[in-house]
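Peer 1: This structure is in structure tokens; I'll ask about it shortly.
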Amino acid sequence: MSSDVTRAEVCTVAVADGFRGDGEVLASAFGTVPAIALRLAKLSFEPDLLMTDGVAFLRADVPSIDGGTEGEAVVEGWLPFRSVFDLLWSGRRHVVMVASQIDRHGNHNFACIGDHRKPRAQLLGMRGAPGNTINHPTSYWVPSHSPKVFVEKVDVVSGVGYDRATALGERSARFHEIRRVVSNLAVLDFAGPDRRMRLVSVHPGVSVDEVVESTGFELVIDGEVPETRRPTAAELALIRERLDPAGARDKEVKV
Amino acid sequence: MDKRTTSASVVAELRDGMTVGIGGWGSRRKPMALVREILRSPLKDLTIVAYGGPDVGLLCAAGKVRKVIYGFVSLDSIPLEPHFRVARQTGTIEAAELDEGMLQWGLYAAALRLPFLPTRSGLGTDVLSINPDLRLVRSPYADGEELVAMPAIQLDAALVHMNRADARGNGQFLGPDPYFDDLFCMAAKRRFVSCEKIVETADLLKGGSVHTLKLNRSMVDAVIETPNGAHFTECPPDYGRDEAFQREYAATAKDLEAWQAFRARYLDLPSEEAYQAAVQARSARSEAKPSGVEQQARSARSEAKPSEVKKPGGAR
């Protein structure tokens, strides 16, 4: 593999690896890196993933992130928004959402910053986060790892974290799963004691200290933290030539 | 029965303080001609229920709104609706924010005349604290599962925009997604459908398959023909989103002067016809002197198929 791999490309395979084992479920990805990652996973090791065109169609082919496709667009199904809701409530989905704030338990916020009654910044709103997180696996993408994002306490809970899932009880929370969090610095999961956020790996060129300093709460760190795997030559070729020839990924991830 | 009428007579039926549902999704197939008619009226203190786009932003900016019940308010190609953001951040409106699926469930419950429908969505989140009236319900069966009892969202009026309709109120969407327009109509006491074109009943199926006939006439009280009536939101296959106009609209959230100029130019006009004329004059101006970006956007629009005109939506 080449040594000129960018951070965004490392992030892309880290998000893509989160789809391993998903099989025949709808994979939805928000953000540039996740959009590339989902396509990479589908082309590489999870060919059965379902994917929408962002409008109302399921696409059997894999277009580049700016919509370009090698041949004719191949529509394999119709998925208007109401069918998306049915499908996600049925559980056959894995979503990657962007987190504006996330805490050690995986409570997520992209609704607003500040008091909800009169927020300092209105962001996306609840959108589908409450339904997604209680019904099917969810992962998070953070393009800029900082104590402003990885916070002690999120201002508003739009996505359910493990402490709140535990409080709901086993039955209500049985479909809740936060698969992983990928940031521009590291990969994290919730395999720590009491399902607290754990540092899984640091991206090449990033130190554990840098991740710790950029996180607003104490991470679970057990022993030596490995390095996030680098893309294979085949993966790099797909990312660079097929999926994101314009290099949008490197604009989202600034190192 | 001939249900054809005008936007003005529809809005004359509305009253201050009413709960009004608006169909479409984000900046997609919104009944903007009816929204503009509300902007020209003295109506105030409305509760708006919507998968919100510029309909919500405009009504908030014009001071027509007391409360919004929503899952999101977005312009799609511009993820955050800037006028709605201003309303939220200055605290001028009450915000009943729900999960997108819960909003559907509330409309569906009202449509079916049920007090509520159960759902897992919302459990464990601040949807419950933001909406303190929401209650939980326990399954009466052996599982005993606790769920959110999403209450019916009853509407005084529904406003939706279709591609085609007939004079009797059968409505047809020809784009990729019906959104929840049928549920908005079924949840409302009075149901108002604007459309691009009123056609003969026998001609409806010339435009699309039987699956596109989403509204039947029992769901509709009035039909209004408003060509280009979804502008500047998209209404495929009739037209795509007017991205240049939307950018101009969005930019006016930054300062009062720009907003007042926008209002004077496009909104404080005597009629929808005057609005459409102002929009035409605007595009004639930019045809004559296209900026690079707008020229690019225009050519992208004309080359793209309807389904490819828009960018992917937000996080659903």
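The values are calculated or read from the model by the stated rules, or taken from the named source; none is laboratory data. Quick caveat, the model's predicted, so the values are computed rather than measured. We place every Cβ from the backbone using ideal geometry, glycine too, and count neighbours over all the protein chains shown.
Peer 1: Any residue in the stretch A:21-46 that's closer than 18 Å to A:Leu238 by Cβ: show its pairings with residues that are among the polar types (S, T, N, Q) at Cβ separation under 7 Å, as long as the two are six or more apart or on different chains.
Peer 2: Short answer, once both residue conditions are applied: A:Val33/A:Thr12; A:Ile36/A:Thr12; A:Ala37/A:Thr12; A:Leu40/A:Thr12.
Peer 1: Here is a further query. Going through B:Arg36, B:Arg28 one at a time, which residue ends up being of a type outside the set (A, V, I, L, M, F, W, C), in contact (Cβ under 8 Å) with a residue 40 or more places away in the chain and in contact with a Pro (Cβ under 9 Å, 6 or more places away or on another chain)?
Peer 2: B:Arg28
Peer 1: Take the conditions closer than 15 Å to B:Gly24 by Cβ and either modelled with pLDDT of 95 or more or surrounded by fewer than 23 Cβ atoms within 10 Å (Cβ to Cβ) (or both) and apply them to B:Phe192. Does it pass?
Peer 2: Yes; evaluated as a whole, the condition is true for this residue.
Peer 1: Continuing with this model, one more query. Condition first: within 26 Å of B:Thr119 (Cα to Cα) and either at the interface with another protein chain (Cβ under 8 Å from one of its Cβ atoms) or in a loop (DSSP other than H, G, I, E, B) (or both). Now tell me which residues in the stretch B:68-94 satisfy that.
Peer 2: The answer is B:Tyr70, B:Gly71, B:Phe72, B:Val73, B:Ser74.
Peer 1: Continuing with this model, one more query. Go over the candidates B:Ala202, B:Ala230, B:Ala158 one by one and state the one that is in contact (Cβ under 8 Å) with a residue 60 or more places away in the chain and more than 28 Å from B:Pro115 (Cβ to Cβ).
Peer 2: Among B:Ala202, B:Ala230, B:Ala158, only B:Ala230 is in contact (Cβ under 8 Å) with a residue 60 or more places away in the chain and more than 28 Å from B:Pro115 (Cβ to Cβ).
Peer 1: Also, I was wondering about something else. Here is a list: A:Gly216, A:Gly205. Which entry is surrounded by 16 or more Cβ atoms within 10 Å (Cβ to Cβ) and more than 16 Å from the chain's Cα centre (by Cα)?
Peer 2: A:Gly216
Peer 1: Could you tell me which numbered condition A:Ala29 fails, if it satisfies all but one of (1) surrounded by fewer than 17 Cβ atoms within 10 Å (Cβ to Cβ); (2) of a type outside the set (Phe, Trp, Tyr); (3) within 26 Å of A:Ala129 (Cβ to Cβ)?
Peer 2: Only one criterion in (1) surrounded by fewer than 17 Cβ atoms within 10 Å (Cβ to Cβ); (2) of a type outside the set (Phe, Trp, Tyr); (3) within 26 Å of A:Ala129 (Cβ to Cβ) is unmet by A:Ala29, namely (1).
Peer 1: Just to be sure, is A:Val187 under 30 Å from A:Ser64 (Cβ atoms), surrounded by 15 or more Cβ atoms within 10 Å (Cβ to Cβ) and in contact with an Asp or Glu (Cβ under 8 Å, 6 or more places away or on another chain)?
Peer 2: Taking the combined requirement at face value, the residue does not satisfy it.
Peer 1: For the stretch B:95-152, what are the residues that are basic (Lys, Arg) and either part of a loop (DSSP other than H, G, I, E, B) or in contact (Cβ under 8 Å) with a residue 40 or more places away in the chain (or both)?
Peer 2: B:Arg113, B:Arg120
Peer 1: Any chance you could count how many residues in the stretch A:67-98 are among the basic types (Lys, Arg) and within 11 Å of chain B (Cβ to nearest Cβ)?
Peer 2: 2
Peer 1: Of the numbered conditions (1) surrounded by 24 or more Cβ atoms within 10 Å (Cβ to Cβ); (2) within 9 Å of chain A (Cβ to nearest Cβ); (3) over 25 Å from B:Met219 (Cβ atoms), B:Ala61 fails exactly one; give the number of that condition.
Peer 2: (2)
Peer 1: Still on this structure, please answer the following. For the stretch A:215-248, how many residues meet the condition of being in contact with an Asp or Glu (Cβ under 7 Å, 6 or more places away or on another chain) and in a helix (DSSP H, G or I)?
Peer 2: Qualifying residue count for the region: 2.
Peer 1: Inside the stretch A:49-167, counting only strands (runs of 3 or more DSSP E) that do not spill past its ends, which hold 1 or more residues that are surrounded by fewer than 20 Cβ atoms within 10 Å (Cβ to Cβ)?
Peer 2: Here the list reads A:57-59, A:75-78.
Peer 1: Being modelled with pLDDT of 95 or more and touching a helix residue (DSSP H, G or I) at 6+ places or on another chain (Cβ under 9 Å): is that true of A:Arg104 here? Please lay out each step first, then the result.
Peer 2: Numbers: modelled with pLDDT of 95 or more: yes; touching a helix residue (DSSP H, G or I) at 6+ places or on another chain (Cβ under 9 Å): yes.
So A:Arg104 fits the description; yes.
Peer 1: Report whether or not A:Val182 is over 26 Å from B:Phe84 (Cβ atoms), crowded, with 20+ Cβ neighbours inside 10 Å and more than 11 Å from every other protein chain (Cβ to nearest Cβ). Break it down stepwise before answering.
Peer 2: Values: over 26 Å from B:Phe84 (Cβ atoms): yes; crowded, with 20+ Cβ neighbours inside 10 Å: yes; more than 11 Å from every other protein chain (Cβ to nearest Cβ): yes.
Taking the combined requirement at face value, the residue satisfies it.
Peer 1: Turning to a different aspect of this structure: Does B:Asp126 satisfy the criteria of being closer than 23 Å to A:Val160 by Cβ, surrounded by fewer than 24 Cβ atoms within 10 Å (Cβ to Cβ), at the interface with chain A (Cβ under 7 Å from one of its Cβ atoms) and of a type in the set (Asp, Glu)?
Peer 2: When the stated conditions are applied, B:Asp126 passes them.
Peer 1: For the list (1) of a type outside the set (Ser, Thr, Tyr); (2) over 30 Å from A:Ile113 (Cβ atoms); (3) within 14 Å of chain A (Cβ to nearest Cβ), I need the number of the one condition that B:Ala167 fails.
Peer 2: Unmet condition: (3).
Peer 1: Additional query: Taking the stretch A:47-67 as the region of interest, how many residues are among the polar types (S, T, N, Q) and in contact (Cβ under 8 Å) with a residue 60 or more places away in the chain?
Peer 2: Total satisfying the criteria: 1.
Peer 1: Among the candidates B:Pro270, B:Pro236, which residue alone is touching a Gly at 6+ places or on another chain (Cβ under 7 Å) and more than 22 Å from B:Ala167 (Cβ to Cβ)?
Peer 2: Answer to the check: B:Pro236.
Peer 1: From the list B:Leu204, B:Leu174, B:Leu183, B:Leu213, pick out the single residue that is of a type in the set (A, V, I, L, M, F, W, C), under 27 Å from B:Met1 (Cα atoms) and surrounded by 23 or more Cβ atoms within 10 Å (Cβ to Cβ).
Peer 2: After ruling out the rest, the residue left standing is B:Leu183.
Peer 1: Still on this structure: Scanning for something more than 18 Å from the chain's Cα centre (by Cα), at the interface with chain B (Cβ under 9 Å from one of its Cβ atoms), farther than 15 Å from B:Phe72 by Cα and modelled with pLDDT of 95 or more, does the stretch A:109-116 turn up at least one residue?
Peer 2: Yes, there is a match, as at least one residue in the stretch A:109-116 is more than 18 Å from the chain's Cα centre (by Cα), at the interface with chain B (Cβ under 9 Å from one of its Cβ atoms), farther than 15 Å from B:Phe72 by Cα and modelled with pLDDT of 95 or more.
Peer 1: Taking the conditions exactly as written (more than 14 Å from every other protein chain (Cβ to nearest Cβ) and in contact with a helix residue (DSSP H, G or I) (Cβ under 6 Å, 6 or more places away or on another chain)), does B:Gly229 satisfy them or not?
Peer 2: Details: more than 14 Å from every other protein chain (Cβ to nearest Cβ): yes; in contact with a helix residue (DSSP H, G or I) (Cβ under 6 Å, 6 or more places away or on another chain): yes.
The answer is yes for B:Gly229.
Peer 1: Further question: List, please: which pairs have Cβ atoms under 7 Å, are six or more places apart or on different chains, and start with a residue in the stretch A:120-138 that is facing another protein chain (nearest Cβ under 7 Å) and end with one that is of a type in the set (Lys, Arg) and assigned to a loop (DSSP other than H, G, I, E, B)?
Peer 2: A:Arg127/B:Arg316; A:Gly128/B:Arg316; A:Ile134/B:Arg120; A:Asn135/B:Arg120
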